[in-house]
Amino acid sequence: MTSTFFADAVLFDMDGTLTDSIAAVEAAWGKVAKDMGHDPEHVIAATHGKRAIDNLAQFKPHILSHQMDGEVQTFEESILFFADAYGNHGPGTRRSSPTSYIPGSALDSRDTTPSLTSANSTPSSRTSSDVQSSRRPSFATRLSDALIAVPNSEDRYIKVVDSPIEEDNGDEHFNDKTPMNQLEAWQIEAAAVDRSVRILPGVKKMIESIPDGRYAVATSGAKTYAYGCMTRVGITPPPVTITADDKRLKAGKPAPDPFLLAAECLGFDPKNCVVFEDSPSGIRAGVASGAIVIAVCTSHERSKIENCGAHFVVDDMEKVECELVEGRLRFTILA
């Protein structure tokens with residue numbers, strides 16, 4: 001039996017709802033777990049649907065508050081490296097030089113990573129060229145350059161840094177002559193498995209059915225990861241994209257703050273919005289915001305999310321239709 005209802009706007013979660021980067025995310029958290037001596041399965045299960053800043057604070061409590069923004073960005077760059085490694089460095093690939101970046105690749109942070117400077121920040125007196133010349137290249141870019149410098153073969157990987165999270169202040173690890181036997185296993189494994197980001201079923205059609213200004217993204221990912229994932233699958237991040245590093249947020253999911261802020265920025269009452277979510281914490285956040293929540297079974301088994309309070313539970317967005325009717329959005333949940 002089909003169900004129909006009306007709403008004014010849509011608030012999308014991102015990962016697991018619009019995009020599927022679960023393999024890369026789990027690989028990155030698995031590496032953090034191994035580095036810290038934790039059980040990877042426990043860490044991966046505990047981090048789903050939550051902000052990296054909250055997860056890193058839990059599992060790496062030694063990180064100081066003033067270091068956290070940088071640690072989050074570095075961690076999210078490692079996710080995107082896992083996502084791109086197979087396509088950029090896997091079997092049969094060859095890239096001619098360290099300067100031949102692939103458009104849209106995580107390894108070209110200049111193209112995919114938005115400015116992390118707050119809109120309310122005081123402008124720096126330094127010019128952009130000054131900042132560019134003084135800023136240390138990102139983890140992903142440095143690792144990419146080191147990998148490219150080695151001839152394309154099964155043993156071309158080298159050790160670049162001890163960890164994508166805990167980088168040192170020097171470049172003593174960066175040496176194209178580094179013996180291959182010093183390669184860290186995660187770097188080999190990252191390029192051996194395809195963990196590329198994918199768009200989920202029905203997402204493209206759903207987004208195209210909603211007028212501009214009537215939908216937003218509210219994600220537990222910070223800017224580096226959120227924008228990187230969406231652009232990789234052909235989704236243009238909407239003007240209202242609430243990321244985990246938004247300084248206006250007091251709390252992340254399962255608190256309703258990200259969805260409340262997104263609705264406010266769109267100019268709609270959250271009670272007249274629809275939330276699409278995939279994780280238990282995200283579903284609870286959507287319910288707490290007062291919105292109508294549609295849960296998609298794209299990352300969790302139905303049994304794991306059907307008791308979290310969602311108004312509807314569907315396999316994926318192909319089971320939901322949306323059309324503009326007399327200025328409002330009419331949703332139909334297909335049987």
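The values are calculated or read from the model by the stated rules, or taken from the named source; none is laboratory data. Given the structure is predicted, the values throughout are model-derived calculations rather than measurements. Please note: Cβ atoms are built from the backbone with ideal geometry, for glycine as well, and neighbour counts cover all protein chains shown.
Things to note:
- Pairing each residue of the stretch 305-323 that is more than 16 Å from F12 (Cα to Cα) and buried (at least 19 other Cβ atoms within 10 Å of the Cβ) with any residue that is modelled with pLDDT of 95 or more and charged (D, E, K, R), provided the two are 6+ apart or on different chains, yields C-beta distances under 8 Å for I305/D278; C308/R284.
- Long-range neighbours under 8 Å by Cβ, at least six apart or interchain, first residue more than 15 Å from D316 (Cβ to Cβ) within the stretch 274-289, second in a helix (DSSP H, G or I) and among the polar types (S, T, N, Q): V275/S289
- Residue check for D278: of a type in the set (D, E) and surrounded by fewer than 18 Cβ atoms within 10 Å (Cβ to Cβ): no
- Taking the stretch 1-62 and the helices (runs of 4 or more DSSP H) fully enclosed by it, the elements with 2 or more residues that are surrounded by 22 or more Cβ atoms within 10 Å (Cβ to Cβ) are at 22-36.
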